[in-house]
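Right, one structure below, let's go through it.
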Ligand SMILES: *Cc1c(COP(=O)(O)O)cnc(C)c1O
């Protein structure tokens with residue numbers, strides 16, 4: 001195998017295919033369950049067409065993502081556009097492409113979309129993003145559904161904003177949208193969300209207001225500790241929770257926006273050990289990847305499994321057998337750190353790895369979501385390249 005320049009992202013597209021098949025199998029059990037892939041998790045042009053061909057729609061949060069979705073072949077009728085700060089050109093891009101709907105997060109945004117749609121002689125499909133005041137038990141920085149929040153319209157305001165929307169000539173109100181956070185593994189959070197949506201729908205129905213779409217957002221988590229044991233998230237329980245608890249009206253579509261759970265496990269960040277530095281009380285493995293390639297540990301204190309791998313790409317597949325095993329007595333304790341001039345540029349503290357040397361290769365696992373898309377050029381570093389693990393050309 002020819003030596004690639006590290007660091008780089010390596011995607012197991014075969015695992016991605018199996019993940020998408022699992023999603024399709026589960027939603028196929030229910031009526032009108034529709035999944036949009038949240039492009040912000042990973043917009044790699046090698047992955048998007050695979051996801052599009054599997055039949056998913058696209059959930060976008062910027063004009064650039066709408067353009068990427070269209071380019072990757074997603075049909076505009078399967079594109080939704082969310083985000084608290086949509087700029088005028090982004091709204092125009094969405095209207096120009098006739099996307100399915102805007103997930104609108106505030107009253108002033110609704111007015112602006114109506115104005116721009118009027119100028120363009122278009123009608124804008126809209127779902128109102130409601131803040132359901134459901135607190136997901138996840139990291140504070142990725143919780144979005146609690147009471148006072150920049151995301152969404154407050155529960156107490158919903159009815160008034162619905163009435164506004166109904167009176168606007170260039171707005172077509174399609175439904176309600178929710179999103180409570182990310183990396184959620186406790187299914188009770190989704191149960192709570194489903195019950196809250198039932199309450200809201202019942203209250204509104206008493207006033208004669210019904211919708212053809214309910215969008216419950218995304219947020220299903222993945223197993224960062226044990227990617228080998230759980231390469232495919234538990235989609236079965238996830239969709240079953242909504243089927244059991246969310247009351248679906250006749251003819252109504254239930255939309256989901258999954259990002260992390262689709263792509264996290266298929267990606268690894270491959271990095272090389274540059275130096276082993278002996279501190280007074282610890283050993284540092286200084287690697288050539290940093291927060292510029294994968295910012296999650298620095299940004300959220302996120303944990304990724306790190307493995308020492310051989311140069312054989314076949315060993316990189318996520319299977320139940322670990323790629324590299326060593327006798328316990330040759331394990332050492334390391335802090336794995338990047339080269340960036342920030343003290344939070346640390347991938348892991350005190351982890352056990354086979355004795356490392358300069359030149360050894362490490363795989364940082366479960367890096368397929370919010371990895372490459374968050375890469376930056378800080379310190380004027382080049383953006384990371386990416387490769388397909390399953391491609392024959394190496
Ligand atoms: C980020 C985001 C998603 C995707 O979240 P995941 O946790 O990656 O599934 C879905 N919907 C909205 C509105 C988002 O902002």
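The values are calculated or read from the model by the stated rules, or taken from the named source; none is laboratory data. This one's a predicted model, so the numbers in the text were calculated from it and none came from an experiment. Cβ coordinates were reconstructed from backbone atoms using ideal geometry, including for glycine residues, and neighbour counts include every protein chain displayed.
Looking only at residues in the stretch 101-133 that are surrounded by fewer than 22 Cβ atoms within 10 Å (Cβ to Cβ) and in a loop (DSSP other than H, G, I, E, B), which one is farthest from the ligand (Cβ to nearest atom)?
Of everything passing the filter in the stretch 101-133, 121 is farthest from the ligand (Cβ to nearest atom).
Which is surrounded by fewer than 21 Cβ atoms within 10 Å (Cβ to Cβ) and either within 12 Å of the ligand (Cβ to nearest atom) or within 30 Å of residue 149 (Cα to Cα) (or both), of 80, 34, 70? Before the answer, list the steps.
On the way: 80 fails: surrounded by fewer than 21 Cβ atoms within 10 Å (Cβ to Cβ); 70 fails: either within 12 Å of the ligand (Cβ to nearest atom) or within 30 Å of residue 149 (Cα to Cα) (or both).
Just one listed residue meets the conditions, 34.
Given (1) farther than 12 Å from residue 263 by Cα; (2) within 15 Å of the ligand (Cβ to nearest atom), where does residue 39 come up short, assuming only one miss?
Residue 39 satisfies every listed condition except (1).
Restricting the search to the stretch 151-183, which residues are within 13 Å of the ligand (Cβ to nearest atom) and either assigned to a loop (DSSP other than H, G, I, E, B) or under 14 Å from residue 83 (Cα atoms) (or both)? Steps first, answer last, please.
Filtering the stretch 151-183 for residues within 13 Å of the ligand (Cβ to nearest atom) gives 151-152, 176-183.
Result: 151, 152, 177, 178, 179, 180, 181, 182, 183.
For residues that are away from the ligand (no atom under 16 Å from the Cβ) and either part of a strand (DSSP E or B) or crowded, with 24+ Cβ neighbours inside 10 Å (or both), tally how many sit in the stretch 254-290. Even if it seems obvious, please write down each step before you answer.
Step one: list which residues in the stretch 254-290 are away from the ligand (no atom under 16 Å from the Cβ), which gives 268-290.
Pick out the ones that are also either part of a strand (DSSP E or B) or crowded, with 24+ Cβ neighbours inside 10 Å (or both) and you get 268-278, 283-287, 289-290.
So the answer is 18.
Might you let me know whether the stretch 55-62 holds any residue that is surrounded by fewer than 22 Cβ atoms within 10 Å (Cβ to Cβ), part of a helix (DSSP H, G or I) and touching a strand residue (DSSP E or B) at 6+ places or on another chain (Cβ under 8 Å)?
Looking through the stretch 55-62, none of the residues is surrounded by fewer than 22 Cβ atoms within 10 Å (Cβ to Cβ), part of a helix (DSSP H, G or I) and touching a strand residue (DSSP E or B) at 6+ places or on another chain (Cβ under 8 Å).
Are any of the residues in the stretch 318-326 at positive phi and either out of contact with any helix residue (DSSP H, G or I) (no Cβ under 6 Å at 6 or more places or on another chain) or modelled with pLDDT of 95 or more (or both)?
Checked the stretch 318-326: no residue is at positive phi and either out of contact with any helix residue (DSSP H, G or I) (no Cβ under 6 Å at 6 or more places or on another chain) or modelled with pLDDT of 95 or more (or both).
When you check residue 220 against the structure, is it surrounded by 15 or more Cβ atoms within 10 Å (Cβ to Cβ) and away from the ligand (no atom under 12 Å from the Cβ), yes or no?
No.
For (1) touching a strand residue (DSSP E or B) at 6+ places or on another chain (Cβ under 9 Å); (2) in a helix (DSSP H, G or I); (3) closer than 21 Å to residue 236 by Cβ; (4) modelled with pLDDT under 95, each residue gets a yes or a no:
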| residue | (1), (2), (3), (4) |
| --- | --- |
| 3 | no, no, no, yes |
| 9 | yes, no, no, no |
| 18 | no, yes, yes, no |
| 25 | no, yes, yes, no |
| 36 | yes, no, yes, no |
| 40 | yes, yes, no, no |
| 43 | no, no, no, no |
| 46 | yes, no, no, no |
| 50 | no, yes, no, no |
